[in-house]
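Notes follow the structure.
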Amino acid sequence: MANDKKNTNKKPKFNLYWIYGIAILGILAVQLFAGGFGSEATATTTPQQFLEFLKEGDVSKIEIINKREAKVYLTDEAQNKEIHKKTVPNSIFPTVSPLPNYSFEFGDLQNFEKGINETIKNNNLSTEVKYKTEENLWGNFLISLLPFVLIIAVWIFIMRRMSSGGAGGAGGQIFNIGKSKAKLFDEKTDVKTSFKDVAGLEGAKEEVQEIVDFLKNPEKYTSLGGKIPKGALLVGPPGTGKTLLAKAVAGEAKVPFFSLSGSDFVEMFVGVGASRVRDLFKQAKEKSPSIIFIDEIDAIGRARGKSNFSGSNDERENTLNQLLTEMDGFGTNTNVIVLAATNRADVLDKALMRAGRFDRQIFVDLPDVRERKEIFEVHLRPIKQSEKLDIDFLAKQTPGFSGADIANVCNEAALIAARNGKKAVDKQDFLDAVDRIVGGLEKKNKIITPEEKRAVAYHEAGHATISWMLEHAAPLVKVTIVPRGQSLGAAWYLPEERLIVRPEQMLDEMCAALGGRAAEKVIFDKISTGALSDLEKVTKQARAMVTIYGLSDKVGNLTYYDSSGQSEYGFTKPYSEQTAELIDKEISDIIEEQYARAIKILEENKDKLTELAEVLLDKEVIFKDNLEKIFGKRPFDKVEEA
């Protein structure tokens, strides 16, 4: 049996070395026949020695070929001389005409002819001189054939290289272009990520763990009549841990795990995507029970028939159709589970989202304060941290941060501590890291005039004053007039994490955002372009109040928001021109009302606003304590504490 196996694994005798040998022989043949048949029997000499032979009367005829080569024919008497005996032609090729005794190449034709004529004249010789033009037919034929031989050799070499890798070989192989590019993880693969490395995401982790448990202990569920889910879709904002969760599944599941991206199905050739889907599920079924993970599935799972004016996405639709058939069609194997991740669930095709294909949609949301603490604990493991570091404080200082953002904060804090020559990472390093990520890098050497600096100070002081005086505005953390990123100044707030937002809360936030421009108007009676980002934020909030959340009395309880992202209205607005005018007027009225409210608050507290701006000009950075000294404690803070 062993001998049989060895024999079956042997490569065929014909390989690429034969092609190389043929090409080399072709080159040698060109060299061989370049001088014509029988040239191997002709001796060589030099022009000077030839003139000596001519002078002695040994030469009967000279042929000058192509004005660069001479062929010498000796007389019968000369051929019997001892010096010429070795030059008598003895070719194996039959010839009609006699072969030359000597051949040589010369330089300038005129000088050569002059030497011949003088020798013949001076010695009264009857030597015949002929001129010929010869074409090397065999050489020309082989030279013309040589490029084709080389092209065929190179083509066979490329074909053999492309077909030698098998189904798991390198990408781009032309014979494997329809093969799946999925990377296989199994019990032999060293995958270090486990569920212990996934902090937070308790609900999502529980559902995914159940799928892994089903594959390990199917009897536990099937004994009660349950069926394994065919697919689970991980949905959530970028950086929340969808791919990390899939890596943990690969590390925990003791079954084959196929991982690939949605873009791996896309290729320039027609039919390749569908072929790769078929091959992927074929491999998965052969190794069932198994898991397939498709990251960024929206690359192939977009809704069909939307915005397809040119028909350019037919290949993507064919790939999607094949995926739909493999997930739930005739002959579907139930022992293959499909996990997929996307942050664009609104654009996915409805047929892909239905039960029976993706039975579960697992929402991986931004972490809350408790989950952020757990995520910090995971990412702080490899970092040398200060003993006094308060992880609860860090979790509270990072509202709205995703898991990827928190990982970035920990890394930036370590880099900042190392840059400052510290032995451990402390609280201030983390605060600087948050500032660096949110606002950008400080630019202390940026050129700014005293007048501009004063305007920035009052602008930021206006934000701080309004946010301090309003109950529902986000509490202030610090204010700076040091240029950072693209802004000349910035104010940091610690927004309350709300699940629902009321109109008065949105209006207070809008009023605080307009506090910067209002301060410029109150103090300088002029406004500037510095409020661009504030106006953008306020306009979006006001438009959302009117057109999305239905919080406007004039427009009513209507929303023009389409959560599916596939509006049936196309390019037309889902409301009339009269309603559009009403919406525009309502948005403008809301913003102007809050701007007037901000001006009123600042005029009533103009002296405190001025004092705060002067402190800011002096220190460049102020904190919550500075506002308490000037304004006193917020009255509604006591109510909240009570």
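Close Cβ contacts (under 8 Å, 6 or more residues apart or on different chains) running from residues in segment 196-224 that are on the phi > 0 side of the Ramachandran plot to residues that are open to solvent by 80 Å² or more (accessible area, probe 1.4 Å) comprise Gly200/Arg370. Taking into account only those residues within segment 97-118 that are among the hydroxyl-bearing types (Ser, Thr, Tyr) and within 14 Å of Ser60 (Cβ to Cβ), which is least open to solvent (accessible area, probe 1.4 Å)? Ranking the qualifying residues of segment 97-118, first place goes to Tyr102.
Scanning segment 41-76 for residues that are of a type in the set (Ser, Thr, Tyr), in a strand (DSSP E or B) and either over 11 Å from Ser103 (Cβ atoms) or open to solvent by less than 50 Å² (accessible area, probe 1.4 Å) (or both) yields Ser60, Tyr73.
Restricting segment 428-447 to residues that are open to solvent by less than 50 Å² (accessible area, probe 1.4 Å) and at pLDDT below 85, the residue that is farthest from Trp492 (Cα to Cα) is Gly440. The requirement of being open to solvent by 20 Å² or more (accessible area, probe 1.4 Å) and at pLDDT 80 or above is satisfied by Lys205.
Just one of the numbered conditions (1) open to solvent by 30 Å² or more (accessible area, probe 1.4 Å); (2) farther than 30 Å from Val378 by Cα is not true of Trp468: (1).
If the condition is being in contact with a helix residue (DSSP H, G or I) (Cβ under 9 Å, 6 or more places away or on another chain) and of a type in the set (D, E, K, R), then segment 428-451 contributes Asp429, Asp432, Arg436, Glu442.
The single condition among (1) closer than 25 Å to Asp279 by Cα; (2) at pLDDT 80 or above that Lys183 does not meet is (2).
Looking at segment 127-145, which of the residues that are open to solvent by 90 Å² or more (accessible area, probe 1.4 Å) and either at pLDDT below 80 or assigned to a helix (DSSP H, G or I) (or both) is nearest to Glu69 (Cα to Cα)? Ranking the candidates gives Thr133 first. Of all the listed residues (Glu611, Glu592, Glu604, Glu586), the sole one being within 25 Å of Gln541 (Cα to Cα), open to solvent by 80 Å² or more (accessible area, probe 1.4 Å) and at pLDDT 85 or above is Glu592. Of all residues in segment 406-427, exactly one satisfies the criterion of being in a helix (DSSP H, G or I), farther than 17 Å from Ile375 by Cα, touching a helix residue (DSSP H, G or I) at 6+ places or on another chain (Cβ under 9 Å) and open to solvent by 50 Å² or more (accessible area, probe 1.4 Å), namely Leu415.
The values are calculated or read from the model by the stated rules, or taken from the named source; none is laboratory data. Model, not experiment: these values are computed from the prediction. Note that we place each Cβ from the backbone using ideal geometry, even for glycine, and neighbour counts take in every protein chain shown. Heavy atoms of the whole protein, side chains included, go into the accessibility calculation; ligands, DNA and RNA do not. Shrake-Rupley method; radii C 1.70, N 1.55, O 1.52, S 1.80 Å.
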